[in-house]
Amino acid sequence: MAAVIEELDPRKCTESVEEIARLEKKTFPKHESLARSLEQEVMRKNSGLMYAKVTSEGRGGGEIVGYVMYSWISSLCASITKLAVKESYRRQGLGEALMKAAIQKCRTRNVLRVCLHVDPERIPAVSLYEKLGFQIEDLVASYYSVDRNAYRMYLDFDG
């Protein structure tokens, strides 16, 4: 298995956007899914998306197995808005590679901080973010729904 991380150019990749939307639907509960508005989301000037594509030897094309979305919410702060990896490809380093690529992209915008929200019960995700240097800032009550909270986490860049 060879995985490649690519940046999405939404004006050129309608098939990729559709494939990512299908993954979005499978990964997130309906009320959290951006699948219906994904195309509009990636067209925004202050956002970006990177995806992991796996190719098999001797086969062209490839399968999108994960993605990360991010946006610049101000000139000082960026936000990771989504991270998803197909279940059969988890625990293989793809989430970490996607996050590192997104963080690097955010650094090129000269932001001072990257923030994200994560369900505290998603322990592998929280562990990944901590491994990458994110710190828990706060517990946000009822962030996802009445009975689902979120950690607000951040990663500060040194000057």
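The values are calculated or read from the model by the stated rules, or taken from the named source; none is laboratory data. For clarity, every value in this text was computed on a predicted model and none was experimentally measured. All Cβ positions, glycine included, derive from the backbone under ideal geometry; neighbour counts span all protein chains shown. Calculation scope for accessible area: heavy atoms of the full protein, side chains included, ligands and nucleic acids excluded. Shrake-Rupley method; radii C 1.70, N 1.55, O 1.52, S 1.80 Å.
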* Structure fact -> Quick count over the stretch 109-137, residues being open to solvent by 60 Å² or more (accessible area, probe 1.4 Å), over 21 Å from residue 72 (Cβ atoms) and among the charged types (D, E, K, R), is 4
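Counting only residues that are open to solvent by less than 40 Å² (accessible area, probe 1.4 Å) and farther than 18 Å from residue 101 by Cβ, which one in the stretch 18-33 is modelled with the lowest pLDDT?
Within the stretch 18-33, the first condition is being open to solvent by less than 40 Å² (accessible area, probe 1.4 Å), and the residues that meet it are 20-21, 23-24, 27-28, 32-33.
Filter once more, keeping what is farther than 18 Å from residue 101 by Cβ: 21, 24, 27-28, 32-33.
Working: 21: 73, 24: 72, 27: 70, 28: 68, 32: 57, 33: 51.
Among residues in the stretch 18-33 that are open to solvent by less than 40 Å² (accessible area, probe 1.4 Å) and farther than 18 Å from residue 101 by Cβ, the one modelled with the lowest pLDDT is 33.
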* Asked: Just a yes or no: is a residue in the stretch 138-151 touching a Lys or Arg at 6+ places or on another chain (Cβ under 6 Å) and farther than 19 Å from residue 72 by Cα?
  -> yes
* **Lone unmet requirement of (1) modelled with pLDDT under 90; (2) farther than 24 Å from residue 149 by Cα; (3) open to solvent by 60 Å² or more (accessible area, probe 1.4 Å) for residue 73** => (2)
* Structure fact -> Residue pairs within 7 Å by beta carbon, gap of at least six or interchain, first lying in the stretch 1-30 and under 12 Å from residue 67 (Cβ atoms) and of a type in the set (S, T, N, Q), second at pLDDT 75 or above and part of a loop (DSSP other than H, G, I, E, B), listed first then second, are 16/8
* Asked: Out of the stretch 140-159, which residues are over 25 Å from residue 93 (Cβ atoms) and open to solvent by less than 90 Å² (accessible area, probe 1.4 Å)?
  -> 140, 141, 142, 144, 145, 148, 149, 152
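Before we move on, is residue 106 surrounded by 21 or more Cβ atoms within 10 Å (Cβ to Cβ), at negative phi and among the hydrophobic types (A, V, I, L, M, F, W, C)? Step through it out loud before you land on a result.
Details: surrounded by 21 or more Cβ atoms within 10 Å (Cβ to Cβ): yes; at negative phi: yes; among the hydrophobic types (A, V, I, L, M, F, W, C): yes.
Criteria met by residue 106.
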* Asked: With 112, 94, 116 as the choices, which residue is touching a helix residue (DSSP H, G or I) at 6+ places or on another chain (Cβ under 9 Å) and touching a residue at least 24 places away in the same chain (Cβ under 8 Å)?
  -> 116
* **Which numbered condition residue 68 fails, given (1) touching a Phe, Trp or Tyr at 6+ places or on another chain (Cβ under 6 Å); (2) open to solvent by less than 40 Å² (accessible area, probe 1.4 Å)** => (1)
